[in-house]
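For reference, the structure discussed in these notes is given below.
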Amino acid sequence: MAAESAPEKMKGWAYTQEGKAVNVLQFHTDLPVPTPKDDQVLIKVIAAALNPVDAKRMLGLFRSPEPPFLIVPGYDAAGVVVKVGSQVTKFKVGDQVYGNINEHPAHPKLFGSLAEYTAVEENLLALKPNNLSFPEAASLPLAIETAYGGLEQAGFSAGKSILVLGGAGGVGTLVIQVAKHVFGASEIAATSSAKKFELLKSLGADKVIDYTKENVEDLPQKFDVVYDAVGQCERAVKAVKEGGKVVEIVGGPISPPASFYIVISNGLTLEKLKPLIEEGKVKPVIDPIGPFPFSQVVEAFAHLDTGRATGKVVVHPIA
Ligand code: NDP
């Protein structure tokens, strides 16, 4: 077995008060390297991805610990195992792994993935698919778990049609692919601005809708499932068939037949999807402005905050 090694201090981004990244996020060179608990592994993070929940949390969406607190943001990580807790059975030092390090988005760890090392429960991780680079792997976990879990909650199945609101975002790009290749959708429609149409078609969308010109509630066609990654419940419920389901993932008022889905991190979901990822059927979509180097995490957050990112905003290399 390879020798276990990690320094005591590490580089990373952290905030000690809530606000926008540009105002509160600071680079540190002497953060303590977390000690993995019995059921955790310590990962040397090689790539990380940002999610809107990181920015919302930084603004104070979830109650922060009493001051003085110090939070390293970041849910998605891909890296190499450098230490294992005493009860870890799935992984060994040297394994290349990836995952969403927070089981429940509203109960995140204080030390996230935007640092050189992060400690994670083994059941939240999976081995990195062989065909993916670390940045590609980091782009997937939270978004693909949200895509898969939301479709599962809606009882999506082969032969059903789906409309995806927000088809070009981190979650939407994966809802399209998972609906098609995992669940066997009969027809996929998705909204975005017109410049992203080709991407959506390449991912498997049969019909693309420019949301700046057309309202989905006015479409003559209705869908078995509407997956709303934008937060437009009122519109979504008018675009679904009688007896259909609406998946809402953005907070806000919800009316039937919509139901809210909240992602629960689970390495088993990543393992289940691994064959399709390795066959190249489900592909990571990394925003073309990135990957952002570790020195530009504030710029990466600013890009995410525009709400215009295409696929995932990735940070690489973490060093
Ligand atoms: P992104 O930041 O990746 O979404 C950006 C994309 O949204 C852009 O490509 C943009 O396309 C598109 N977009 C913006 N406005 C519209 C619109 N009106 N209609 C269609 N597309 C639009 O976000 P994510 O996909 O990562 O997340 C989406 C939301 O879901 C966030 O609010 C996030 O917090 C939430 N979420 C919730 C989870 C849960 O467990 N409940 C889990 C994951 C995410 P364009 O440039 O063409 O406008």
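The value of relative contact order for the chain, using C-alpha pairs under 8 Å at least six residues apart, is 19 percent.
Note on the chain: dipole from Cβ charges, positive end direction compared against ALA158, ALA47, TYR75; the farthest Cα belongs to ALA158. The sum of -39500 (n - 2.57) across all DSSP H runs of n ≥ 4, divided by the residue count of the chain, sets its helix-only mean residue ellipticity at 222 nm to -6500 deg cm²/dmol. Taken over the C-alpha atoms, the chain has Rg and Dmax values of 19.3, 63 angstrom. Positive contributions from Lys and Arg (+1) and negative ones from Asp and Glu (-1), summed over other residues with Cβ under 13 Å from the Cβ of GLU299, come out at -1. Backbone amide hydrogens, once placed in the peptide plane, bring GLY99 within less than 5 Å of ALA77, excluding anything fewer than 5 places away on its chain. Straight-line cross-link reach from LYS90 at under 22 Å between alpha-carbon atoms covers these lysines, not counting any fewer than eight positions away in the same chain: LYS37, LYS44, LYS109, LYS128, LYS272, LYS274.
On a 0 to 90° scale, report how tilted helix 267-278 is relative to the longest principal axis of the chain, with both axes built from alpha carbons and the result rounded to the nearest 10. On a 0 to 90 degree scale, this one is about 70.
Would you tally the net charge around GLY99, using a Cβ to Cβ cut-off of less than 13 Å, leaving GLY99 out, and scoring K and R as +1, D and E as -1? It would help to have the intermediate numbers written out before the result.
Working: positive: LYS90, LYS109, LYS128, LYS274; negative: ASP76, ASP95, GLU103, GLU121, GLU122, GLU145, GLU271.
Combined, the nearby Lys, Arg, Asp and Glu give -3.
How large is the accessible surface per residue of the chain, computed with a 1.4 Å probe and reported in Å² as a whole number?
Details: 13470 Å² over 319 residues.
Ligands and nucleic acids excluded, the result is 42 Å² per residue.
Near VAL250, the amide H atoms lying under 5 Å from its own belong to GLY231; only residues 5 or more places off or on other chains count, and H is placed 1.01 Å from N.
Hey, any idea what % of the chain's accessible area is carbon plus sulfur with a 1.4 Å probe?
Values: 7150 of 13470 Å².
Summing carbon and sulfur atoms, their accessible area is 53 percent of the total for the chain.
In a simple Cβ point-charge model (Lys, Arg +1; Asp, Glu -1; nothing else charged), region 29-174 has a dipole of about 120 debye relative to its Cα centre.
Would you mind classifying region 146-260 by shape? Square roots of the alpha carbon gyration tensor eigenvalues, ordered a ≥ b ≥ c; an a/c under 1.5 is rounded, otherwise it is prolate if a/b is larger than b/c and oblate if not. Here region 146-260 falls in the rounded category.
Simple point charges give the picture: +1 on the Cβ of Lys and Arg, -1 on the Cβ of Asp and Glu, and for the chain a dipole about the Cα centre of about 340 debye.
Within a straight-line Cα-Cα reach of under 17 Å, LYS160 can be paired with the following lysines, leaving aside sequence neighbours fewer than 8 residues apart in one chain: LYS180, LYS207, LYS222, LYS241, LYS245. Over region 97-140, the fraction of Cα-Cα pairs per 5 Å bin, rounded to whole percents and listed from the shortest bin up, is 5, 22, 29, 26, 14, 4, 1.
A Förster distance of 45 Å, applied to the separation of the beta-carbon atoms of LEU276 and ASP30, puts the FRET efficiency at 0.60. Remark: region 153-161, residue by residue, has Karplus-estimated 3J(HN,Hα) of 4, 7, x, 5, 7, 3, x, 8, 9 Hz, where x stands for each Gly or Pro and the curve is 6.51 cos²θ - 1.76 cosθ + 1.60 at θ = phi - 60°. Treating each Cα of region 1-115 as one equal point scatterer and applying the Debye formula with no solvent, the log10 of I(q)/I(0) at q = 0.16, 0.19 Å⁻¹ comes out as -0.75, -1.03.
The values are calculated or read from the model by the stated rules, or taken from the named source; none is laboratory data. Bear in mind that the values here come from a model prediction, so they are computed numbers and not experimental data. In this analysis, Cβ positions are derived from the backbone assuming ideal geometry, glycine residues included, and neighbour counts consider all displayed protein chains. Quick note on the areas: whole protein, heavy atoms, side chains included, nothing else; ligands and nucleic acids left out. Shrake-Rupley method; radii C 1.70, N 1.55, O 1.52, S 1.80 Å.
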